[in-house]
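The values are calculated or read from the model by the stated rules, or taken from the named source; none is laboratory data. Since the structure is predicted, the reported quantities are computational estimates derived from the model, not experimental observations. Every residue, glycine among them, receives a Cβ derived from its backbone with ideal geometry; neighbour counts consider all protein chains shown. Accessible surface areas use protein heavy atoms only, side chains included; no ligands, DNA or RNA. Shrake-Rupley method; radii C 1.70, N 1.55, O 1.52, S 1.80 Å.
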Amino acid sequence: GQARLVVVGGGFGGASAARFARMTYPWLDVTLIEPKTRFVTCPYGNLVLAGTRRLEQISHGYDGLRARGVNVVHDWVAGIDPAARSLRLRGGATVAYDRLILSPGIALRWDALPGYDEAASEIFPHAWVPGEGAQTTLLRRQIEALPEGGVVGLAIPDNPFRCPPGPYERISMIAAHLKRHNPRAKILAFDAKNAFSKQGLFQDAWGELYPGMIEWVPASQDGRITRVDPGAREFESEFGTRHKVDVGNVIPPQSAARIAIEAGLANAGGWVPVDPLTFEARQATGIHVIGDANVAPPMPKSGYVANSTAKQAVASVAALLRGEAPPAAPVYFNTCYSHVGEDYGISVVGVFRPNPDGSGFVETPQSGGVSPRGNHPEQRRLEALYADAWYASITRDMFG
Ligand code: FAD
């Protein structure tokens, strides 16, 4: 019969892989397993917080993939048996595969930050996994209800985590809302790091657009939050200081999604080491792991990288199923746009390859970079438009 590719996770990596597989290798039988019938993207979720996008505008269904011949199954994968090349669904069925692509995303580590568990996230939302959008809606409502002159606190984790510029775009988009509706409010951003993505550009923009509103506290100035108390609405930092916040957005430490860990694919840090050419897990043949779940520094955990690497993983799977060598010398791309204000976008670009000894990834010298600092209003305006165009094109490349 037909060679069977099963894809787990219908997000950035998985939807891209399923669609690309059907379009490029029509001889493949492609099944996509994803519990949700609507996928709410994390990208542009920060604009929902700002009130400039609605949740419906960033929600996507799977009919486009069905129309392309993908067999879409809405269920959870409960377990994988790599030796038998099959997986078990929560609904009870068993699904056999010849090759498996896993793109299950991240798990929030409920054990990593004292005081922060699933119940706590109903008071201090994370809004960091796509879900049904309930967390984003909750955080949006809290920001809208912030008392006049109130304090929004953010707790930002150490590396590695999903979307390196994401927390700082979020700070910006919350500030954009507050500037209009609650101009005396403050944002206190506590960080477990001393530096962050596009830092100079973000901080320049904050000074320009939101003077006096945002205070970013690095780890070296006691920014690392080590305990939270949702009942008392407090964050406690490493050196024991307690900070009162009216709204708390806690982005906890993360790992690969549970299914990847339970299948025995992850390292001690909770992420999945992979071959940089094929994305096959180091711990299992026949299982390719893409997206945020894998270990791929210096590439960031971004939707763009998940989409770009999905194509090489699919091409590798197709070649291996035909007994051929996977495509050599791939190039992987990333662009992360961030909105920092209305008509104000910035970006970072990276071009990556497997390194020659196959041990990991390297950034291509003299490629990529960040937007220039300084006064460039026309470029900022254009980059906000490019970001919108990027969102339209990547979601079409996933679901269209
Ligand atoms: P996901 O997209 O999370 O998809 C994983 C899917 O797997 C989920 O739908 C889940 O339901 C499913 N799944 C998990 N376990 C199972 C199971 N056992 N069985 C079946 N299905 C399962 N990236 C960018 O490139 N640009 C941006 O501007 C950007 N902005 C961001 C802003 C924010 C606020 C955040 C939080 C992230 C942002 N990102 C951005 C990062 C981007 O969202 C992630 O990198 C991307 O979603 C990773 O894709 P993935 O396929 O690994 O995981």
Task: Per DSSP, loop trypsin sites (Lys or Arg not before Pro) in region 282-337 with at most 14 further Cβ within 10 Å - done: ARG282, ARG322
Open item on the list: Testing the spin-label approximation: label points 7 Å from Cα along Cα→Cβ at TRP76 and PHE333. State their distance in nm.
Closed with: 3.7 nm
- [ ] Please work out the Cα center distance from region 97-134 to region 2-49, rounded to the nearest Å.
- [x] 19 Å
Task: Computed lengthening from GLU378 to ARG227, 0.36 nm per intervening residue step minus Cα-Cα distance - done: 50.1 nm
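Please give the FRET efficiency for ARG242 paired with ASP204, using the beta carbon to beta carbon distance and R0 = 41 Å, rounded to the nearest 0.05. Let's see the in-between values first.
Details: r = 31 Å, r/R0 = 0.76.
E between ARG242 and ASP204, to the nearest 0.05, is 0.85.
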Task: Most to least packed among 251-259, 37-45, 7-15 [average Cβ atoms within 10 Å] - done: 7-15, 251-259, 37-45
Open item on the list: Taking 0.36 nm per residue of sequence separation and subtracting the Cα-Cα distance, how much length would be gained by fully extending the chain between ALA112 and ARG90, in nm to one decimal?
Closed with: 5.2 nm
- [ ] Just report the Cα centroid separation between region 161-199 and region 319-383, whole Å.
- [x] 23 Å
Task: Under DSSP loop assignment and at most 10 Cβ neighbours within 10 Å, longest GluC sites (Glu not before Pro)-free interval of the chain - done: 149-323
Task: Estimated inter-spin distance, VAL351 and THR37, nm [label 7 Å along Cα→Cβ] - done: 4.4 nm
TODO: Could you list which residues have their amide H under 5 Å from that of LEU32, counting only those 5 or more apart in sequence or on another chain, with H placed in the peptide plane?
DONE: VAL7, ASN71, VAL72, VAL73
Open item on the list: What are the ³J(HN,Hα) couplings of region 314-326, residue after residue, when phi is run through the Karplus curve with 6.51, -1.76, 1.60 and θ = phi - 60°? Round to Hz, x for glycine and proline.
Closed with: 5, 4, 5, 4, 4, 5, 5, 5, 9, x, 9, 7, x
Task: Between 0 and 90°, nearest 10: helix 199-209 axis offset from the chain longest Cα axis - done: 40 degrees
Task: Lysine-lysine proximity count for the chain, Cα under 24 Å, sequence distance 8 or more or distinct chains - done: 10
Task: Förster radius 51 Å - calculated FRET efficiency between GLU56 and VAL362 (Cβ-Cβ, nearest 0.05) - done: 0.80
- [ ] Might you work out the accessible area of VAL274 for me, using a 1.4 Å probe with all protein chains in place, and round it to the nearest 10 Å²?
- [x] 10 Å²
- [ ] Compare the peptides 350-361, 106-117, 184-195 by average per-residue count of other Cβ atoms within 10 angstrom and give them in order, highest first.
- [x] 184-195, 106-117, 350-361
- [ ] Return the percentage of antiparallel bridges among DSSP beta bridges fully within region 178-287, rounded to the nearest 5 %.
- [x] 65 percent
Open item on the list: Rounding to the nearest 10 and keeping the result within 0 to 90°, find how far the Cα-based axis of helix 12-24 lies from the longest principal axis of the chain.
Closed with: 40 degrees
- [ ] Would you be so kind as to identify which of ALA15, GLY115, LEU385 lies farthest towards the positive end of the dipole of the chain, taking Lys and Arg as +1 and Asp and Glu as -1 on Cβ and the Cα centre as origin?
- [x] ALA15
Open item on the list: Along its three principal axes, how long is the chain when you only count alpha carbons? Whole Å, largest extent first please.
Closed with: 66, 45, 40
